[in-house]
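Engineer: Pasting a structure below so you can have a look.
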Amino acid sequence: MPPSDTLPPGPALFATFDFIRNPFRFLDECARRYGDWFTVRVPGVAPFVFTSDPAAVREVFLGDPGSLHAGDANRPLGAFMGERSSLFLDGDEHLRQRRLLLPAFHGEQVASHADAMRIAADNAIASWPIRQPFPIHPQMRSITFETIIRAVFGFADDSTGAKLRALMKKLFELYSSRLGTLFSLPAMRIDAGPWSPWGRAVKLTRQIDAILHAEFARRRKEGVEGRADVLSMLLSARYEDGQPLRDAVVRDEMYTLMLAGHETTAATMAWVINRLLTNPDVMDRARAEVLSVLNGAQLDASHVGKLKYVEAVINETMRLDPVVPNIGRMLTRPQKIAGHELPAGVTIAPCIYLVHRRPELWPNPAQFNPDRFLDSRQTPYTFLPFGGGARRCMGAAFASYQMRIVIAEILSRVELKPVDGYKASATRRGIAFAPSEGLPVIAAARSKS
């Protein structure tokens, strides 16, 4: 453990629990008291040195991956995802695996899933009650979950697909609960059978693993020609020496895509809805763009690139309401970052939330103004909702594409109203921070289309 006097000052240990209860308020208060750099201590793990200095962000993103380990920093998130996930690998091993995964998230490949994304949105919208409050965040999770089952896993509506859906939903509910948050601490991973939360998680993962490994074997035997889902692409991928990914590696990557990608995208879309509801002029302008682009047609891949203002709304939401407020790199050796000497063993944590609110980078930073993303291009060191550098989220294009489709479908098919008296605050769901109370809304009307 690095000596405390070598690190920037920060809040007392007990105060860090507010990071779970109200993360944005916690970060705002730390920035007010300590400035661009502060240290956050969490029981059982090495200190986190937070920074909102864009120069530090740039040095971290361009730094030597051998001395800035993202995999080690991410390890507390890996309760269910598995040690072989690229999220927890570093160095050459991470780069080797990343090269095989990236083609599955190429632009043209992502566009092939447009219909699956639209259908998932339409099915959810059709089920929403009219003129009755309901929480919309769970609906966003339902949409992203169904999209991943179809586009990523490639499972249909047969009995095997239905069983996988049911088991995955149970695991995700546990993962995204308050108990699931505690699973980041190894001491909480105690298997005491069905009476313990971790015991229930272990049972669920064994059942899911049995389905997945049987499916891996079936597809390897029958071939995956003609299939566009991510799982089939991973099963056909080969390393430079011609060797395929082992089933254990494919399994861990699929869990990561489900548990990490599913909730972060859903939470972001919930925040987008919140920003549209609280900025009706923005909602009207976004809806007008969608109706103009569609011109009475059913949304498909040809429309997505034309939704420029919708994309700007999503980006401005990610600026103000990042669902993951920081990233991390564990230092394997002492080094100087933006003039600060840091010892080995600490995790440098560029703070997405605070970088996105620096007034010299973002004039009137608290104002919701999507035009920022129409008028100028942002650098990867000042706008970083998906992280950056060699560890930028591989699913960023997939998530951004799906969000444009889902938000466009909502704007074209249903009129949403806010619930009187509700004001959103951030609450943790899995690895993401989402609007409190599931973001209650009212569907005032639904189109006939």
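Engineer: State whether one or more residues within region 122-139 are under 17 Å from L257 (Cβ atoms) and touching a helix residue (DSSP H, G or I) at 6+ places or on another chain (Cβ under 9 Å).
Structural biologist: Scanning region 122-139, I find no residue that is under 17 Å from L257 (Cβ atoms) and touching a helix residue (DSSP H, G or I) at 6+ places or on another chain (Cβ under 9 Å), so the answer is no.
Engineer: Being of a type in the set (A, V, I, L, M, F, W, C), crowded, with 24+ Cβ neighbours inside 10 Å and over 12 Å from G71 (Cα atoms) is the filter here; which residues of region 321-337 pass it?
Structural biologist: If the condition is that a residue be of a type in the set (A, V, I, L, M, F, W, C), crowded, with 24+ Cβ neighbours inside 10 Å and over 12 Å from G71 (Cα atoms), then V323 is the only one that fits.
Yes or no, residue by residue, for (1) modelled with pLDDT under 95; (2) more than 30 Å from R96 (Cα to Cα); (3) surrounded by 23 or more Cβ atoms within 10 Å (Cβ to Cβ):
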residue: C351; (1), (2), (3): no, no, yes
residue: W362; (1), (2), (3): no, yes, no
residue: R404; (1), (2), (3): no, yes, yes
residue: R446; (1), (2), (3): yes, yes, no
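Engineer: Within region 63-90, how many residues turn out to be at pLDDT 90 or above, surrounded by fewer than 19 Cβ atoms within 10 Å (Cβ to Cβ) and either within 21 Å of D247 (Cβ to Cβ) or in contact with a His (Cβ under 9 Å, 6 or more places away or on another chain) (or both)?
Structural biologist: 1
Engineer: On to the next question. State whether one or more residues within region 26-36 are more than 30 Å from D229 (Cα to Cα), aromatic (F, W, Y) and touching a strand residue (DSSP E or B) at 6+ places or on another chain (Cβ under 7 Å).
Structural biologist: So far as region 26-36 goes, no, none of its residues is more than 30 Å from D229 (Cα to Cα), aromatic (F, W, Y) and touching a strand residue (DSSP E or B) at 6+ places or on another chain (Cβ under 7 Å).
Engineer: Please pick out the residue among A55, A73, A15, A46 that is more than 23 Å from the chain's Cα centre (by Cα), under 14 Å from L331 (Cα atoms) and among the hydrophobic types (A, V, I, L, M, F, W, C).
Structural biologist: Checking each option against the conditions leaves just A46.
Engineer: For region 44-58, how many residues are crowded, with 20+ Cβ neighbours inside 10 Å and in a helix (DSSP H, G or I)?
Structural biologist: 2
Engineer: For region 2-43: of the residues being assigned to a helix (DSSP H, G or I) and in contact with a Gly (Cβ under 8 Å, 6 or more places away or on another chain), which is nearest to A432 (Cα to Cα)?
Structural biologist: Going through the qualifying residues, I end up with C30.
Engineer: Given (1) modelled with pLDDT under 95; (2) within 21 Å of G305 (Cα to Cα); (3) surrounded by fewer than 17 Cβ atoms within 10 Å (Cβ to Cβ), where does M394 come up short, assuming only one miss?
Structural biologist: Here M394 meets the rest and fails (3).
Engineer: Okay, moving on. Can you tell me which residue among A408, A426, A432 is closer than 26 Å to A114 by Cα, under 26 Å from the mean Cα position of the chain (by Cα) and modelled with pLDDT under 95?
Structural biologist: Result of the check over A408, A426, A432: A432.
Engineer: While we're here: Are any residues in region 283-308 buried (at least 16 other Cβ atoms within 10 Å of the Cβ), among the charged types (D, E, K, R) and in contact (Cβ under 8 Å) with a residue 60 or more places away in the chain, and if so, which ones?
Structural biologist: If the condition is that a residue be buried (at least 16 other Cβ atoms within 10 Å of the Cβ), among the charged types (D, E, K, R) and in contact (Cβ under 8 Å) with a residue 60 or more places away in the chain, then R287 is the only one that fits.
Results for (1) free of Cβ contacts under 8 Å to residues at least 12 places away in the same chain; (2) closer than 25 Å to T144 by Cβ; (3) surrounded by fewer than 20 Cβ atoms within 10 Å (Cβ to Cβ); (4) of a type in the set (S, T, N, Q), shown as yes or no for each residue.
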site	(1), (2), (3), (4)
R206	yes, yes, yes, no
R219	no, yes, yes, no
L234	no, yes, no, no
A260	no, yes, no, no
M269	no, yes, no, no
N274	no, yes, no, yes
D281	yes, no, yes, no
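Engineer: Output the residues belonging to region 364-391 that are farther than 19 Å from V323 by Cβ and at pLDDT below 95.
Structural biologist: Across region 364-391, the qualifying residues are D375, S376, R377, T379, G389, A390.
Engineer: Would you confirm, using the coordinates I've provided, whether R446 is among the charged types (D, E, K, R) and either in contact with a Pro (Cβ under 7 Å, 6 or more places away or on another chain) or closer than 30 Å to L89 by Cβ (or both)?
Structural biologist: no
Engineer: Of all residues in region 364-378, count the ones that are part of a helix (DSSP H, G or I) and surrounded by fewer than 17 Cβ atoms within 10 Å (Cβ to Cβ).
Structural biologist: 2
Engineer: Quickly run through region 309-330 and pick out the residues that are outside any helix (DSSP H, G or I) and either farther than 26 Å from A390 by Cβ or out of contact with any Ser or Thr (no Cβ under 7 Å at 6 or more places or on another chain) (or both).
Structural biologist: Correct list: D321, P322, P325, N326, I327.
Engineer: Next question, about the same structure. If you check every pair at least six apart or on different chains, which have Cβ atoms under 7 Å apart with a residue in region 94-118 that is without any contact (Cβ under 8 Å) to a residue 60 or more places away in the chain first and a residue that is among the β-branched types (V, I, T) second?
Structural biologist: Pairs found: A116/T147.
Engineer: Something else: Does Y381 satisfy the condition of being within 19 Å of A70 (Cα to Cα), among the hydroxyl-bearing types (S, T, Y) and in a loop (DSSP other than H, G, I, E, B)?
Structural biologist: Yes.
Engineer: Tell me the helices (runs of 4 or more DSSP H) entirely within region 99-166 that contain at least 2 residues that are under 17 Å from the mean Cα position of the chain (by Cα) and either at pLDDT 95 or above or over 28 Å from N274 (Cα atoms) (or both).
Structural biologist: Fully inside region 99-166 and qualifying: 137-147.
The values are calculated or read from the model by the stated rules, or taken from the named source; none is laboratory data. Note that the structure is a prediction, hence the values are computed from the model and not measured. Neighbour counts are summed over all protein chains in view; Cβ atoms, including those assigned to glycine, are modelled from backbone coordinates with ideal geometry.
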